[in-house]
Structure formats: C-alpha cells, structure tokens
Amino acid sequence: MPAAAMPRFYFDHNATTPLHPEVASAMSAVLGLGPDAKAGSVFGNPSSIHWAGREARSLVEDARESLARLIAVDPAEIVFTSGGTEADNLAILGAAASGRLRGRHLIASTMEHPAVLEAFRKLEAEGWPISWIDPDGEGVVRPEDVDRAITPETGLVSVMAANNETGAVQPIAAIGKSLRERGILFHCDGVQALGKMAEVRPRAWKVDYLALSAHKINGPKGVGALYVRKGAPLQGLALGGPQERQIRGGTENVLGIAGFGKAAEVWSRLGETERPRLSALRDALAAALTARIPGLVINSAGAERVPNTLNVTFPGCKADLMVMGLDMREVAVSAGSACASGSVKYSHVLLAMGKGKEAAASSLRFSLGLGNSESEVEPLAEAVAAVASSVRGM
Ligand code: PLP
C-alpha cells in the first residue's frame with residue numbers, strides 16, 4: 001500500500017502566493033478556456049484600433065482601474081511593468097535619468113529589497129552621492145534620520161512601505177510630508193504592503209512613485225505596476241512604442257495584467273476580513289513556537305507589522321539547515337529574503353537592524369496567506385521545534 005502523502009504546509013507567501021481561483025478563471029477566460037470564456041481567446045494587441053485590439057485594451061484598462069481603486073489613485077497614474085523589480089528600477093533609474101531632480105544626492109534605507117538596493121548601487125557607481133540609512137533595532141526607519149541626511153542637493157529618497165523579511169511597517173506618511181515640503185521626490189516600494197496594509201495610499205503618503213507586484217497578492221508572476229504621481233518626472237527605460245504613456249515601451253502583458261486586476265479586486269473584497277484573520281494566526285504561531293522553543297526571539301515585535309509576517313531568530317540553529325529540515329517535512333518557509341533562498345547568506349535586513357551575524361544567519365521568516373488556517377499552527381510549531389532541536393549547534 002502506498003504511504004499516505006504527508007500534509008504540505010506553505011508559509012512563504014512573501015516569496016510568492018498561489019493564484020487565487022478567481023484570478024485563475026479570469027486568466028483562463030482571456031485564453032478562451034473555462035466557463036467564463038466568451039467565444040475564443042482575447043488575443044489582440046491593445047494598441048490596435050480594430051475589434052481584436054479593443055477587446056484586449058478593455059482588459060488592460062479594467063485592470064488599471066481595479067488596481068487604481070485599491071490604492072485610491074487615478075488610473076492614468078498606473079504604469080504596468082514586468083514585476084516589482086522593474087517597477088523599482090524604473091522609478092529610481094527613471095527619476096535619476098529625467099534630469100529633473102533637485103540635486104544629485106540620494107537617500108535610501110539599507111534594508112530595501114535588492115531591486116532597490118542594486119538600482120541605487122548602480123547610480124552610486126556612476127558617481128551619484130548616496131546616504132544609506134539604517135533602520136532602528138525594530139527594523140523601522142526613523143523620519144528624523146531621513147531628515148538629518150537631507151542636503152540642499154538631495155533629489156530622491158527611497159524607503160519601503162513594509163519590509164519583506166520582518167513585516168515592519170515604515171512611517172511613510174511622516175517621511176513623505178517632510179520630503180514634499182522640500183521638493184524632494186519620494187520612491188516607496190509597496191510590494192509587501194499591498195493587500196496586507198489596510199490602506200496603501202501613495203497620495204496621502206505624499207509618495208511620488210510606488211512599486212507593486214501581482215504575485216504577492218495571489219496574482220500571476222511577471223507582472224507589476226508603478227504608480228507615478230501626475231507630474232512626477234520619469235524617463236522610461238524600455239524604449240520603443242508609446243505604450244503606458246510613453247514610459248514603458250512594449251506590447252502589454254495582457255494576460256498577466258488581467259490577472260493582476262482580478263487579484264486587486266479579490267484583495268479589495270477580502271482584505272478587511274483576511275488581515276485580522278492572518279494577524280491572529282501569526283500571533284498564535286508565535287505563541288506556539290515560544291511555548292516549545294527556549295530562547296527564541298521575535299524580530300520587529302515592537303514595531304507595527306503587516307499581519308502575515310513573523311520573523312524569528314532561533315539561537316544556535318543555522319537557518320539554512322532549518323529550511324532544509326523543514327522542507328523534508330513538507331514545510332515551506334524562508335530564511336531571509338526570497339531572492340537569497342537557495343544561496344543562503346546573512347540577512348542584510350537583520351544586519352541593518354544591528355542584530356549581529358549570529359542572529360542574521362539563524363532566523364526564519366514565516367509568511368502567511370489566504371490558504372493558511374488555524375489547524376496548521378500546532379503541527380507547524382511541532383515540526384519547527386523538532387527541526388530546531390535536531391540542528392541546534394550543528
Ligand atoms: N520589493 C519587495 C519588497 C519584494 O519583496 C519583492 C519580491 O520579493 C520585490 C520588490 C520584487 O518583486 P518581483 O518579484 O515582482 O520582481
């Protein structure tokens with residue numbers, strides 16, 4: 001008799017999320033499949049003026065409206081991209097290339113995602129002076145630290161809305177107010193905030209550029225968006241046709257964009273009930289782990305966090321060994337950022353928080369999502385405790 005399959009656990013929703021069934025059906029319908037499909041697929045080029053183009057255009061514009069509604073902006077301020085990485089790159093490199101910054105000095109936090117860090121490092125290598133700001137011990141960038149770094153030459157600042165490793169929510173509105181008063185442009189990576197924060201509000205936050213990604217909110221991978229405030233300077237990077245208001249040349253990813261729009265609709269409907277549910281689950285998991293594992297530390301516990309993220313240091317336990325040990329029990333979690341998993345290194349976020357190398361190499365991120373339920377908490381905590389005790393000191 002075949003052995004019963006072990007139940008599988010997925011606690012890595014900050015790396016990516018599964019497609020929501022409604023997103024899958026909306027995308028199937030674009031492909032001409034499934035009960036929602038009209039006659040045939042929607043295959044036209046959205047730039048074509050004939051019926052086939054118009055069908056595709058209407059999918060793209062409906063999605064733009066859904067996303068704009070979720071973040072309370074004008075649809076004309078949304079530029080679709082190939083993901084969060086391109087949106088971050090476009091904002092930073094495109095603002096720098098516009099020639100319209102107040103000056104060449106830039107400010108960024110050290111705990112940004114590599115999509116932001118690498119864009120700033122490129123500019124730094126080209127001679128742009130950059131001030132790098134560390135967060136405090138809770139993983140929060142202090143607005144007064146940003147203020148102190150500002151010079152008369154500061155042109156652009158970047159601080160993320162919520163950190164992907166710790167979940168710590170940043171004081172974006174306070175930073176934005178101070179920057180807008182001085183005429184300094186503000187880029188914010190909102191990838192991990194969308195859906196998880198009750199209000200992602202670039203206008204109220206006085207953010208000029210906000211990067212978003214579909215696959216973190218149960219949409220498809222390979223599609224994202226950049227909110228660009230009306231009037232904010234931006235030089236496109238992908239040169240070509242006049243798509244996306246001449247900011248991003250290239251025929252739009254109609255299928256992906258339609259999926260992104262549906263995911264935005266799903267989260268605008270479910271967010272209000274999902275957020276408290278996820279934060280209760282997250283807290284139950286923290287309590288179950290604390291009860292079983294001596295000496296663990298919950299990172300950013302003193303900060304406001306997005307509801308789904310729990311980052312825990314297991315002293316004496318190498319995070320890469322824990323990820324592998326848990327994977328053998330069909331449990332998916334992550335050490336540090338998703339991009340670092342597979343080539344485990346110190347978490348640059350925990351190092352930036354002053355945690356030290358030992359902690360930065362022995363911390364796991366549990367990130368929850370739509371599919372997780374209360375019944376998973378105890379078995380997950382049991383598995384983590386067993387793996388922690390088997391790898392401790394190795
Ligand atoms: N920014 C943050 C904070 C992220 O967590 C991620 C993905 O992990 C990205 C940007 C990159 O997004 P994408 O995978 O869509 O390129």
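Values quoted throughout were computed directly from the atomic coordinates according to the rules given, and no laboratory measurement underlies them. Keep in mind it's a predicted model, so treat the numbers as computed, not measured. A quick note on method: Cβ atoms are made from the backbone with ideal geometry, for glycine too, and the neighbour counts reach across all protein chains shown.
Towards the positive end of the charge dipole of the range 21-266, with charges on Cβ (+1 Lys, Arg; -1 Asp, Glu), say which of Thr251, Val266, Ile172 has the farthest Cα.
Final value for the positive-end residue is Thr251.
How much of the DSSP bridge set in the chain is antiparallel, in percent, rounded to the nearest 5?
Once the DSSP bridges in the chain are tallied, antiparallel ones form about 55 percent.
Check which residues have an amide H placed less than 5 Å from Thr81's amide H, if you skip close sequence neighbours.
So Thr81 has HN proximity to Gly224, Ala225, Leu226.
I need Cys188, Cys317 ordered by Cβ neighbour count within 10 Å, fewest first.
Placing the least packed residue first, the sequence is Cys317, Cys188.
Express in whole angstrom the spacing between the alpha-carbon centres of the range 228-264 and the range 110-171.
Using only Cα atoms, the two centres lie 25 Å from each other.
Counting other beta carbons within 10 Å of each residue's own, what order do Thr166, Thr313 fall into, fewest first?
Thr313, Thr166
Based on other C-beta atoms within 10 Å, arrange His13, His113, His187 from fewest to most.
So the ranking, lowest neighbour count to highest, is His113, His13, His187.
For the range 177-257, which trypsin sites (Lys or Arg not before Pro) are in a loop by DSSP, counting at most 15 other Cβ atoms within 10 Å?
Lys230
So what is the relative contact order for the range 21-266, in percent, with contacts set as C-alpha pairs under 8 Å and at least six apart?
26
With n ≥ 4 as the cut-off for DSSP H runs, can you work out [θ] at 222 nm for the chain, using -39500 (n - 2.57) per run divided by the number of residues, rounded to the nearest 500?
When only DSSP H runs of four or more count, the value is -12000 deg cm²/dmol.
So for the chain, taking the charge dipole from beta-carbon charges (+1 Lys/Arg, -1 Asp/Glu), which of Asn311, Ser98, Leu278 sits furthest toward the positive end?
Ser98
Could you work out how far the C-alpha centroid of the range 373-394 sits from that of the range 1-57, in angstrom?
34
Using the crude model of +1 on Lys and Arg Cβ and -1 on Asp and Glu Cβ, and no other charge, please compute the dipole size for the range 21-266 relative to its Cα centre, in debye to 20.
600
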